[in-house]
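Data block below; observations after.
Values quoted throughout were computed directly from the atomic coordinates according to the rules given, and no laboratory measurement underlies them. Keep in mind that what you see is a predicted model, and the values were worked out from it rather than measured. Because the Cβ atoms are built from the backbone with ideal geometry, glycine has one as well, and the counts that use them run over all protein chains shown.
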Amino acid sequence: MKYDVVIGLEIHAELATASKVFCSCEQYFGGEANSRCCAGCAAYPGTLPVLNKQAIAYAIKAGLALDCSISLINAFDRKNYFYPDLPKSYQISQLYKPICLNGKVTLSDGCVVRINRIHLEEDAGKLIHDDYNGVSLADYNRGSVPLIEIVTEPDISNGEQAREFVEIIASRLRYAEVCKARMEEGSLRCDVNISLKPQGSPVLGTRVEIKNLNSLKSIVRAVEYETERQSEMLEKGKTLVQETRRFNENHGRTISMRNKEEAQDYRYFPDPDIPVLKIEQEEVDEIRKSLPEMPQARLERYVRDYSISEASARIIITSKYYSDFYDMAVQAYNNPAELANLFVVELFRLINDHQHEGDFKFSAAAFARLAQMVDQNLITRAAQKKILEIMFIKGGEPDKIAKEENLILENDTEALDKAVAQVLAECEKAVQDYKGGNPKVFGFLMGQVTRIVGKATSPALIKEKLLKELE
Ligand SMILES: [Zn+2]
C-alpha cells in the first residue's frame, strides 16, 4: 500500500535578548554552570516573575518576519510537569492567548506551510549526565531564557521540505535579529510530528513526535527513518502508538521515550503572577517598520534588478551582514554583476579557507573600489586577488595596498603602440591566419606583445589595442 506522509513541526527558538524573560539574569550561550541563576531562576519561594519587555518586542518581530498576525491581548499559563531541569515544576507558557497567529512560509517547490501559532515561553535548564560517575548535574543558566515556539499545520510531506522550512525560519529570524538560530548551540531546536495514512485518505494516522532534533541533517534522517518504520509496521498490520521518540544520531534510528502527552495532562491554568498583557497597535506598527527586507525579497531583487544568477544571489543572502555589505558595495560602485562575481568567487573562497565568522576588516566602499580598479585597468585580476587577501587579513584600502605591493600597472600606451606595430610586422603569417578566420592565433599575438611591454601593462588594454589594429 502507498502512504501519504503528514508532518508538522514545532520549532523552539531562543530570543537573543540581553536578559532572561522573567528575571534580570543575563543570558548568552556558554559560561560557567549556574553562574547566571538568581533566586527566581532557582524557584525560591516568594520570588515573582517580571516580564521582559524586550522579549515581547522580539516575539512580535519574529511573528511579523513570518507573516503572522499579532494578538494584542496576551496571557500566560502554567504548564505543569515535574523534571529536574525545571525547579518550579511548571513552565510559564501561553496556551490560550499566544502572541502570534496564522503565519505562512512558501517553500521553493511552491508548497505553502501554514504557521498555526507562535507562543512565548521560558526555556528549561540543562541536565548534564555524567555516565562515568553515575550522576546527573543540573545547569540552570538556560532556565527562563525567552523562547518562542513556532507551531505549523501538518502541511509538510517529506524530510527535504522539513529541512528547507527550518532553514527559512532560521534565516528570517536571523535577518530580524531576534534569534541567533544556531542549531549546534541549541538556540534553535526542532520537534517533528509525523504520521502516515493510506494515500488520499481524509483520516489522519497515529502521530509520533520526535523530540529535540538539533541539526538539519538529523531532521531529514529522522523523518526518513520514521517514515520507513511506520510504513513497515502498517504493512504488517500492526497498530502504531501515539508516543514521543528520541532520535539517536549515532545509530540513525528513533527510540521510544514515553507515551505522548496531551494538553490536559499538563493541567494548564492561567499564571496568577502575570497580569494580562495588552500590546498597543502603534507598538506593532513601529516594530514592523524596523523589520529589514527579508532574504527571499532580496534574492528576487538581485536576480531581477541586478541580473545576477540565482545561485550567486543565494550565496549573498546567506547572512544579512553579507547581503547588506553587497548592497552597500553596489551603491558605491554600480557594477552589481562584477561585485557579485568578486564576492561569490574570491571573497567566499577566503571566508571558507579562513573559516571566517563575523564582520570583515574592510569597508564595502573599499571592496567596491577593488572591483573598479580592474575595470579601470589599474591592476590585473591576479593583483586584485592578492589585494583582497591582504584586505581580508589586515584590512586597509586597495589603492594604498596596490602601491605598497607594487601592483599598479604602468600602462605605457606609447610603448604598447610600438610593441603592437612591431608584432604585427614580424608575425605576418599569424596575422594572415587570424584574418583567415583562425581566432586561436590571437592568444599567440597577445603573448608576443606582452613579452615586449612586460607585465606592467593591463592585458585588457593590450587586447583592446591589438584587436583595433587587426581590424
Ligand atoms: Zn534569574
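What the table below lists for this structure:
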quantity	calculated
Beta bridges by DSSP in segment 138-271, antiparallel share as percent, to the nearest 5	70
Relative contact order (%) - segment 1-69, alpha-carbon pairs under 8 angstrom, separation at least six	30
Ranking of 53, 465 by count of other Cβ atoms within 10 Å, fewest first	53, 465
Amide N of segment 305-341 lying under 16 Å from the label point, which is placed 7 angstrom from the Cα of residue 108 along Cα→Cβ	309-319
Given 361/386; 20/79; 403/468; 180/211, the pairs whose alpha carbons are separated by over 24 Å	403/468
C-alpha center-to-center spacing [segment 374-433, segment 449-471] in angstrom	10
Cysteines in the chain lacking a second Cys C-beta under 4.7 Å	23, 25, 38, 111, 179, 190, 427
Principal axis box of segment 309-439, alpha-carbon based, largest edge first, Å	56, 36, 28
DSSP bridge pairs, the chain: antiparallel proportion in percent, nearest 5	95
Distance from segment 354-372 to segment 278-336 (C-alpha centre basis), Å	18
Charge dipole magnitude, Cβ of K and R +1, D and E -1 - segment 125-195, Cα centre, debye nearest 20	260
Cβ-derived FRET efficiency at R0 30 Å, residue 334 paired with residue 297, nearest 0.05	0.90
Estimated FRET transfer efficiency when R0 is 60 angstrom, pair residue 42-residue 4 (beta carbons, to 0.05)	0.80
Inter-label distance for residue 273 and residue 246, nm, one decimal - labels placed 7 Å from Cα along Cα-to-Cβ	2.9
Relative contact order (%) - segment 208-259, alpha-carbon pairs under 8 angstrom, separation at least six	42
Distance from segment 203-264 to segment 70-134 (C-alpha centre basis), Å	20
Exposure proxy ranking, count of Cβ atoms within 10 Å, fewest first, for 271, 265	265, 271
Segment 71-218: equivalent-ellipsoid semi-axes (sqrt of 5 x gyration tensor eigenvalues, Cα, Å)	28, 20, 18
Overall dimensions of segment 36-133 by Cα: Rg and Dmax, Å	17.1, 53
Computed [θ] at 222 nm, deg cm²/dmol, the chain (DSSP H ≥ 4; -39,500 (n - 2.57); rounded to nearest 500)	-12000 deg cm²/dmol
³J(HN,Hα), Karplus 6.51/-1.76/1.60, whole Hz, each residue of segment 375-386, x for Gly, Pro	4, 8, 6, 7, 9, 8, 4, 4, 5, 4, 4, 5
Exposure proxy order (Cβ contacts within 10 Å, fewest to most) of 274, 387	274, 387
Whole-percent pair-distance distribution, where bins are 20 Å wide, for the alpha carbons of the chain	19, 41, 24, 13, 3
Shape box of segment 195-294 [Cα atoms, principal axes, largest first, Å]	58, 38, 34
